[in-house]
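Written out below as structure tokens is the structure these notes cover.
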Amino acid sequence: MHVPTPLSRLTLIVAVVTTVVLAWSSWRSNSDAPTALPTAQPVPTRVVAAPRLSVAVDATDLQRGLLHSIIAWDVRPGRQWLRFPRWIQGTHAPCGAIENLAGLVIHSSDGAVLPWARDPRDVFRFAITVPTTCKRINIDLTYLANQPTVNSQPVDVLEVSGSATINWNDCLLYPEGWADERIQIAAELRLPSEWRHACALAEIPGKTGAIAFAHTDLRALIDSPVLCGKILDVHEIAVSGFPNHRLAVTAAKPQHVPARALSQLGAVAAEARELFGGAPFPNYTWLLGVGEDFPHIGLEHLASSLNGISQDKWYSAEGLDPSAAYLLTHEYGHAWCGKHHRPAGMVADDCHTNLDTRLLWIYEGFDQYIGMLLAARSGASSRATWLARMASQIEQVCSNRSRAWRTLEDTAAAGYTLRGQSRNWGELRGSQDYYLEGMLLCFEADGRIRRASNGKRSFDDVLRRFLAPQPGVSVVPYTEADVLACLHAVEPSINWSALIDRLVQRTITETDLTALTTWGMQATVNSTRTNANAAARGYLNDHASIGLVLWQGQIAEVQAGSPADQARLAPGERIITVNDHELNLTNWDHALVAGAGGTALRLRIRSTDDSERDVVVPCPTGPRYLHVAPSPDPADRAILDAIIAPRSAEGRAVRGASW
């Protein structure tokens, strides 16, 4: 470290005088604005008491797309840095929608307006200079609702047909330099007249005209979204030997939730009780917004989850629709896997530190496995629906071509950049592949453990050891080494490092479908089209045949390296005729069959510029479709049945003997 030599007395005097003159000149010329922003400076060490914020949110104008809030706390004189939340837990992304700020005015305790300046190197950071007479600041903030990004949608403010979601991260600024768990907050919320609400936070009774929440900290506040609306019903779900659960539903019209749907959710909780041995929350609330105009969202929180289903029919007399069953079980499992236990690189003391998301294949992949387990064991899904969903997920993994150039770990490291759908060549770019590939890793591991231990141990033992609640600890960080140690402790005969290296840290050119037999499934390829109902509506998935996916005649995807790719077909183009006949399911399938006999498909193509051309595409394999089903071998199939068998009395009762 370089240590400067002492200044001479004369030099020191000149330096001091020069500094004072320059400071006075700067203040005179710009007295109504904060002093110039430094290029960078470390967060100062605090020796004063942690701040206590009051946050008053006014949502009475929400139906016009506006949300107002007033944030206040005691301050000391001098330069203060304020922050708008940037990294929001659960999104795995720096997605704080600061672009929706539509008003920011800061007042001192005597009513004077305090000028602010944004840090030009960090748009989420603001500076103010607090005068010596100011003891407290009040921040008036206005936020625009209904303008989410692809990453911010589940943590944004949305209002649809009298139903709304309010996320606290959009409603506040907070002082820099404090761990989020040390910043104490007293929050209150004002809603439109006659609106109801649900939130995981405890409430203080007696507040007139507003909802007062019990004092909490910044992390817990942001982790507790509010669901509200003109119509909102809360259904209590009692679970023996486990915390109370609730389902809160808002919609544009009343929802008559059948008793079986509530029993299914109760069985989900009971299966979690048996799987993990306890809960990391005092109570739990599924927050659910439904309706054709409601966005499809799902985000985990420790004591709740915020869910949205873009359809009116999310249940029937038989119980939960699959869209609801798999969404609610997945987000619920995150209470253990992601919220309570979290990769060390994704644990931060604030909302602006960049996160290391390379272990999302555990955070999301393990939870995708947990969600599938809970849906099956609880009876929230039928057996036929569960198998069909599993087959669809495996087919999706097989159609992905991005893994030839990028590892699964890389998709996790770049996770938030892959959130949105790619309009073209999505299978080349890849998506958030760690969800499904991480899930399949768990199923393979489960089958391997059961076979190696002759059925004495399973992946259940891994999950209970790895994700069991730890009382008194809000977040338990882990590393990849911790996961490997847990796997080795459960089954030491398996080389887990080699398995994870092959599946996570290396590129692959083709999915190993033989691994499915490890846990009781089997993949075959034949000429019988899968998902005939979707095909009849115009969705033709011929990835394995000719390398195309069509939607009502338009090319949605072109498989890299396929005959369609070699014929230079492109997404967005439209097939007008096939073999001189109009394009329909019958003519298309006949053309594919003829391809196996050596007759190439003659396609009339309309390009995106409306020009037309003729293209010849060979299809030497004929129609080929992947079929995934339980193994016909009784011993293999017994492993699958053991994996998805209920562990709780509640699960057995809901599933029944016919499942």
Could you count how many residues in the stretch 296-320 are acidic (Asp, Glu) and over 18 Å from LYS253 (Cα atoms)?
2
Flag if GLN505 is among the polar types (S, T, N, Q), under 21 Å from ARG403 (Cβ atoms) and surrounded by fewer than 17 Cβ atoms within 10 Å (Cβ to Cβ):
yes
Can you name the condition, by its number, that SER631 falls short on among (1) surrounded by 12 or more Cβ atoms within 10 Å (Cβ to Cβ); (2) small (Gly, Ala, Ser); (3) over 41 Å from the mean Cα position of the chain (by Cα)?
(3)
Free of Cβ contacts under 8 Å to residues at least 24 places away in the same chain, of a type in the set (A, V, I, L, M) and loosely packed, with under 13 Cβ neighbours inside 10 Å: is that true of ALA649 in this structure?
no
Do we find that ALA348 is open to solvent by less than 30 Å² (accessible area, probe 1.4 Å), part of a helix (DSSP H, G or I) and within 30 Å of ASP170 (Cα to Cα) in this structure?
no
Which of the residues spanning the stretch 394-446 are among the aliphatic types (A, V, I, L, M) and in contact (Cβ under 8 Å) with a residue 60 or more places away in the chain?
ILE394, VAL397, ALA404, LEU408, LEU428, LEU436, MET439, LEU440, LEU441
Of all residues being closer than 26 Å to CYS171 by Cα, among the aliphatic types (A, V, I, L, M) and at pLDDT below 95 in the stretch 26-57, which is surrounded by the fewest Cβ atoms within 10 Å (Cβ to Cβ)? Just the residue, please.
VAL48
Exception for THR407 within (1) over 23 Å from LEU516 (Cα atoms); (2) surrounded by fewer than 21 Cβ atoms within 10 Å (Cβ to Cβ) falls at (1)
Name the one entry in THR208, THR165 that is in a strand (DSSP E or B), polar (S, T, N, Q) and either in contact with a Pro (Cβ under 7 Å, 6 or more places away or on another chain) or modelled with pLDDT under 95 (or both).
THR165
Just one of ALA600, ALA594, ALA638 is over 13 Å from ILE546 (Cα atoms), surrounded by fewer than 19 Cβ atoms within 10 Å (Cβ to Cβ), of a type in the set (A, V, I, L, M) and at pLDDT 95 or above; which is it?
ALA638
Condition check: among the charged types (D, E, K, R), touching a Pro at 6+ places or on another chain (Cβ under 9 Å) and closer than 24 Å to LEU158 by Cβ. Does LYS253 satisfy that?
no
Reported set for the stretch 529-548 where residues are hydrophobic (A, V, I, L, M, F, W, C) and surrounded by fewer than 21 Cβ atoms within 10 Å (Cβ to Cβ) is ALA532, ALA534, ALA535, ALA536, ALA544
Which count do you get for residues in the stretch 149-162 that are touching a strand residue (DSSP E or B) at 6+ places or on another chain (Cβ under 7 Å) and outside any strand (DSSP E or B)?
6
Please pick out the residue among ASP293, ASP321 that is in contact with a Ser or Thr (Cβ under 8 Å, 6 or more places away or on another chain) and open to solvent by 10 Å² or more (accessible area, probe 1.4 Å).
ASP293
Within the stretch 58-143, which strands (runs of 3 or more DSSP E) (wholly inside it) include 3 or more residues that are open to solvent by less than 60 Å² (accessible area, probe 1.4 Å) and not hydroxyl-bearing (Ser, Thr, Tyr)?
66-74, 78-83, 101-108, 122-130
Does any residue of the stretch 354-363 turn out to be buried (at least 23 other Cβ atoms within 10 Å of the Cβ), in contact with a Cys (Cβ under 9 Å, 6 or more places away or on another chain) and assigned to a helix (DSSP H, G or I)?
yes
Given ALA220, ALA252, ALA186, which one is in a strand (DSSP E or B), of a type in the set (A, V, I, L, M) and surrounded by fewer than 22 Cβ atoms within 10 Å (Cβ to Cβ)?
ALA186
Going by what's in this entry, would ALA556 be described as among the hydrophobic types (A, V, I, L, M, F, W, C) and without any contact (Cβ under 8 Å) to a residue 12 or more places away in the chain?
no
If you go through ASP565, ASP609, the only one that is open to solvent by 60 Å² or more (accessible area, probe 1.4 Å), at pLDDT 95 or above and out of contact with any Ser or Thr (no Cβ under 7 Å at 6 or more places or on another chain) is ASP609
Just give me the residues in the stretch 410-433 being polar (S, T, N, Q), open to solvent by 60 Å² or more (accessible area, probe 1.4 Å) and under 17 Å from LEU360 (Cβ atoms), in sequence order.
THR417
Considering only residues of the stretch 144-159 that are open to solvent by 30 Å² or more (accessible area, probe 1.4 Å) and of a type in the set (A, V, I, L, M), which is nearest to LEU67 (Cα to Cα)?
LEU144
Long-range neighbours under 9 Å by Cβ, at least six apart or interchain, first residue modelled with pLDDT of 95 or more within the stretch 270-286, second aromatic (Phe, Trp, Tyr) and open to solvent by less than 20 Å² (accessible area, probe 1.4 Å)
ALA272/TYR332; ALA272/TRP336; LEU275/TRP336; PHE276/TRP336; ALA279/TRP336; PRO280/TRP336; TYR284/TYR332; TRP286/TYR332
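The values are calculated or read from the model by the stated rules, or taken from the named source; none is laboratory data. From a predicted model like this one, the values you see are computed outputs, not experimental measurements. So basically every Cβ, Gly included, is an ideal-geometry build from the backbone, and we count neighbours across all protein chains shown. Ligands, DNA and RNA are excluded from the accessible area calculation, which covers all protein heavy atoms including side chains. Shrake-Rupley method; radii C 1.70, N 1.55, O 1.52, S 1.80 Å.
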